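For reference, the structure discussed in these notes is given below.
The values are calculated or read from the model by the stated rules, or taken from the named source; none is laboratory data. Predicted model, so just to flag it, every value in this text is computed and none were measured. Methodologically, a virtual Cβ is constructed for each residue, glycine included, from the backbone with ideal geometry; neighbour enumeration extends over all protein chains shown. Side chains included, ligands, DNA and RNA excluded: accessible areas come from the protein's heavy atoms. Shrake-Rupley method; radii C 1.70, N 1.55, O 1.52, S 1.80 Å.
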Amino acid sequence: MNTEMNPLDGLNEEKLQEIRDNASKLSEMQQEVPVEVVFTDAFVQRHTGFSSIGELLKSAGYQGTTDEDFDRFIQHSSISRFMAEHTPFDSWQAFQDQAVTAYIARLLGL
């Protein structure tokens, strides 16, 4: 007997239609999403010892102000080592992947 719970168990047709509609909207998105929208305070607090993405980045040594500064920092700094030492994540990429997954789930209404 399989006792595993299916995450879709209990979804009614209305909720499924909402998820379909949200997925359609998501597939049409072509804009960049601000860091603070993906890395919400609630997400950062739940998954790290920091209160916000700004606090985490400042602690990691980020001092930039532009998107380009941020991109350079993420690509050319030791932030992944910082993440492994100061958070449950082994890299910036793992942290980002988890945040993007949570962001998409919010957009879908899950």
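Got at least one residue in the range 71-84 being charged (D, E, K, R) and within 17 Å of the chain's Cα centre (by Cα)?
yes
Looking at this structure, is residue 51 among the polar types (S, T, N, Q) and modelled with pLDDT of 80 or more?
So residue 51 passes the test.
Test residue 42 against the criterion of being modelled with pLDDT under 90, under 17 Å from the mean Cα position of the chain (by Cα) and among the small types (Gly, Ala, Ser), and give yes or no.
In short, no.
Being open to solvent by 70 Å² or more (accessible area, probe 1.4 Å), modelled with pLDDT under 65 and more than 25 Å from residue 84 (Cβ to Cβ) narrows it down to one residue among 13, 32, 18; which is it?
Residue meeting the stated conditions: 18.
Mind listing whichever residues of the range 69-110 are aliphatic (A, V, I, L, M) and in contact (Cβ under 8 Å) with a residue 12 or more places away in the chain? Explain how you work it out, then say what you get.
First, the residues of the range 69-110 that are aliphatic (A, V, I, L, M): 74, 79, 83-84, 94, 99-100, 102, 104-105, 107-108, 110.
Across the range 69-110, the qualifying residues are 74, 79, 83, 99, 100, 102, 104, 107, 108, 110.
When you look at residue 79, is it modelled with pLDDT under 70 and either β-branched (Val, Ile, Thr) or touching a Phe, Trp or Tyr at 6+ places or on another chain (Cβ under 9 Å) (or both), yes or no?
no
Taking the range 49-63 as the region of interest, how many residues are farther than 15 Å from residue 83 by Cβ and either surrounded by 13 or more Cβ atoms within 10 Å (Cβ to Cβ) or in contact (Cβ under 8 Å) with a residue 60 or more places away in the chain (or both)?
Looking only at the range 49-63, we keep the residues that are farther than 15 Å from residue 83 by Cβ, and these are 51-52, 54, 63.
Of the ones still in play, those that are also either surrounded by 13 or more Cβ atoms within 10 Å (Cβ to Cβ) or in contact (Cβ under 8 Å) with a residue 60 or more places away in the chain (or both) are 52, 54.
Result for the range 49-63: 2.
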